[in-house]
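Beneath this line is the structure, given in structure tokens, with notes to follow.
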Amino acid sequence: MDLINSELQKQGKSEFVKDGHLVFFDEDEQFIQKIMKYDEDVEKIVTDKFFKGFKFENEQTDHDFKKTFVNQFLDREIMFQTVEKFASQVIRLTLQHEKYIETAYEKYQELLTQESLHEDQQDTESNTSQDSTNTTDNRNLRSTLPQDEINMNIENTEMSYADENSIDKQKQKGNETGNQTGKEKGRSKDNNYNVETLNSLQNIFKELFEIYDRYCFLHVW
């Protein structure tokens, strides 16, 4: 905490003066509140001074782990005489456990529920066949009706004489055949909640922080 307080003061931050005015007992202006909330000012100091610019690939993982780290060791004294030596130990341990930390944060839900994914594949096949026939037959007669033969009966469709005779006949046949095959894919997810798993994940970082404690901080009070 003393190291972060010192860096905040170097940046011109103050717990007692804001915009040229004295501040008394304003909780929001207290450094301890800034550190516990891990605001932007504190996050930059921690990353630059204690982790020497190292960041996890996932921004949320980077933020959450370093916030937990700071609050875990807020009232502890570093083991070394220089911050640089302390930072080198922090970086070494972080790099050694980088994949573990990333997995613990990013895969927490999967670890908690023992989540498993299944891919299902189904083959499909369909055949279609259709025959069609279409016939058109047109016959036309035209007569100018000779003067001596007149048909006045409109019900009589027969003609004994015609000047013109035309026949038009069309016939079409068709056959359509189709064959379609395919694959359908699906995905299903199973979740199994277990109280024992939940209890074990409560201390997912306990052993890791004990390692940081052993190699980075004093143990004499």
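Placing F80, F65 in order of accessible area, with the largest value first and a 1.4 Å probe, yields F80, F65.
For the range 54-102, the dipole from Cβ point charges (+1 on Lys and Arg, -1 on Asp and Glu) about the Cα centre works out to 160 debye, to the nearest 20.
Can you flag which of K10/K99; K13/K55; K18/K55; K13/K107; K34/K206 are past 27 Å Cα-Cα? From K10/K99; K13/K55; K18/K55; K13/K107; K34/K206, over 27 Å: K10/K99; K18/K55; K13/K107. Remark: accessible surface ordering of Y100, Y108 (largest first) is Y100, Y108, probe radius 1.4 Å.
Per-residue accessible area (protein heavy atoms, 1.4 Å probe) orders R92, R214 as R214, R92, starting from the largest.
The values are calculated or read from the model by the stated rules, or taken from the named source; none is laboratory data. Just so it is clear, the model here is predicted, and its values are computed rather than measured. Here the Cβ is made from the backbone with ideal geometry for all residues, glycine too, and neighbour counts use every protein chain on show. Ligands, DNA and RNA are excluded from the accessible area calculation, which covers all protein heavy atoms including side chains. Shrake-Rupley method; radii C 1.70, N 1.55, O 1.52, S 1.80 Å.
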